[in-house]
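Only one structure is covered here, and it is reproduced in the block below.
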Amino acid sequence: MFVKKFGRKVLGLLAESTFTTSLPLNATFQMKSLRSLGSWTVCLRHRQRNQLSNGLTYLSIRTASQTTLDPAEVRKFQAMASKWWNLQGEFAALHSMNDLRVPFIRDNLLNMHGMQKLGKPLKGLRVLDVGCGGGLLSEPLARLGAEVLGIDPVEDSVRTAELHSSYDPDLREAVRYQACTLEELAEEQGEGFHAVVASEVVEHLADLDAFASCCHQVLKPGGSLFITTLNKTNLSYVFGIVTAEQLLRIVPSGTHDWEKFISPEDLERLLESFGFYVETIRGMLYNPLSGAWSWQQSTSINYALHAVKRREDAEEAEQL
């Protein structure tokens, strides 16, 4: 009863809010820093400035070395690795999010590539799922015909993903998993993917520059980067942390660090500096009463972003 009443109040507040401002929290909000599932090895970047035809610059990767993974947080997610496919458990909201994020990825890729094969609309496309966890997003993308590689630094989560996909014969050749960081993969594969997906990942990263740089390295020219994450606003703190973690227990307490949230504007500027342009940004909202997600005009709490790697990058590289 309390949860339902509180949920109605939450939705009422969201309906009344105009969501027109993005106010920073007072400095007294000092949240414990996490280096968990989505933390990645830091890329050491050679900051060679490459001038694009439109005047933008991007940073190119040279190598990778230092690690920012927190072993304590890795162990925390290892303890949860067997729970990824519990539809009523800690990851229930991520299962529900597939109703939005899978069509979002599919439709934007179809618009980019114009592929319309019946039943397997993404056939012929290679997709990298960064921070794949138990494969909640990798599997539906593979069922749409994409050749999917899911990577995650938590080996137990990767084993869970492999086990679950093994039960479906249609997935055995369509999806693969690898326990590694994005940086380690970037050293092995350059410009090999049509799309990179990082859903509910960037808010856990230690270095967003390293993330953007490595995504740029593994994507083909004209390739797509899909991100879902939380905005950095007062509302995202209230609903994403206080409400979701502490009151309604939608996700485990300590899952998020507000200091690592990023606004759509800041994320767009960051991606543009690495040779991307942002095609689409859409607001998202989770209803704790129905357990469903919906698209919203406001981006003040959650949002989805589609960015594209500029094709000019390949032309500039050939001229160097």
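Quick test of your reading of the structure: THR229 fulfils all but one of (1) open to solvent by 10 Å² or more (accessible area, probe 1.4 Å); (2) modelled with pLDDT of 95 or more; (3) of a type outside the set (Lys, Arg); (4) within 20 Å of MET284 (Cα to Cα). Name the failing condition by number.
Tallying (1) open to solvent by 10 Å² or more (accessible area, probe 1.4 Å); (2) modelled with pLDDT of 95 or more; (3) of a type outside the set (Lys, Arg); (4) within 20 Å of MET284 (Cα to Cα), THR229 fails exactly one: (1).
Could you tell me how many of the residues in the range 216-231 are in a strand (DSSP E or B) and within 27 Å of TRP293 (Cα to Cα)? I'd like the intermediate steps shown before the answer.
Our first condition is that a residue be in a strand (DSSP E or B); within the range 216-231, this holds for 219-230.
Next cut, within 27 Å of TRP293 (Cα to Cα) only: 223-230.
Matching residues across the range 216-231 total 8.
Taking GLU173 as the residue in question, decide whether it is over 30 Å from PRO288 (Cα atoms), in a loop (DSSP other than H, G, I, E, B) and among the acidic types (Asp, Glu). Let's see the steps before the verdict.
Working: over 30 Å from PRO288 (Cα atoms): yes; in a loop (DSSP other than H, G, I, E, B): yes; among the acidic types (Asp, Glu): yes.
In short, yes.
Given the condition among the charged types (D, E, K, R) and part of a strand (DSSP E or B), answer yes or no: does some residue in the range 192-215 qualify?
First pass over the range 192-215, keeping only residues among the charged types (D, E, K, R): 200, 203, 207, 209.
Applying the additional criterion that residues be part of a strand (DSSP E or B) yields none.
Looking through the range 192-215, none of the residues is among the charged types (D, E, K, R) and part of a strand (DSSP E or B).
Of the residues in the range 186-212, how many are of a type in the set (S, T, N, Q) and surrounded by 24 or more Cβ atoms within 10 Å (Cβ to Cβ)? Let's see the steps before the verdict.
Taking the range 186-212 and keeping what is of a type in the set (S, T, N, Q), we get 189, 199.
Checking which are surrounded by 24 or more Cβ atoms within 10 Å (Cβ to Cβ) leaves us with 199.
Of the residues in that region, 1 qualify.
Looking for something acidic (Asp, Glu), part of a helix (DSSP H, G or I), farther than 29 Å from THR280 by Cα and in contact with a Phe, Trp or Tyr (Cβ under 7 Å, 6 or more places away or on another chain) - is there at least one such residue anywhere in the range 98-110? So that I can check it myself, show each step before the final result.
The initial filter retains those residues of the range 98-110 that are acidic (Asp, Glu), namely 99, 107.
Retained after the next criterion (residues that are part of a helix (DSSP H, G or I)): 99, 107.
Still in the running and farther than 29 Å from THR280 by Cα: none.
No - not one qualifying residue is present in the range 98-110.
From ALA304, ALA317, which residue is of a type in the set (Gly, Ala, Ser), modelled with pLDDT of 95 or more and outside any loop (DSSP other than H, G, I, E, B)?
Working: ALA317 fails: modelled with pLDDT of 95 or more.
Going through ALA304, ALA317 in turn, the sole match is ALA304.
Yes or no, residue by residue, for (1) modelled with pLDDT of 95 or more; (2) surrounded by fewer than 21 Cβ atoms within 10 Å (Cβ to Cβ); (3) on the phi < 0 side of the Ramachandran plot:
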position	(1), (2), (3)
TRP85	yes, yes, yes
LEU118	no, yes, yes
VAL127	yes, no, yes
GLY134	yes, no, yes
ALA146	yes, no, yes
GLU155	no, yes, yes
ASP170	no, yes, yes
GLU184	no, yes, yes
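Out of curiosity, is LEU69 of a type outside the set (Asp, Glu), at pLDDT below 60 and in a loop (DSSP other than H, G, I, E, B)?
Details: of a type outside the set (Asp, Glu): yes; at pLDDT below 60: yes; in a loop (DSSP other than H, G, I, E, B): yes.
The answer is yes for LEU69.
The values are calculated or read from the model by the stated rules, or taken from the named source; none is laboratory data. Only a predicted model underlies this, so the values are computations on that prediction, with no experimental measurement involved. For neighbour counting, all protein chains shown are included, and Cβ atoms are generated from backbone atoms with ideal geometry for every residue, glycine included. Quick note on the areas: whole protein, heavy atoms, side chains included, nothing else; ligands and nucleic acids left out. Shrake-Rupley method; radii C 1.70, N 1.55, O 1.52, S 1.80 Å.
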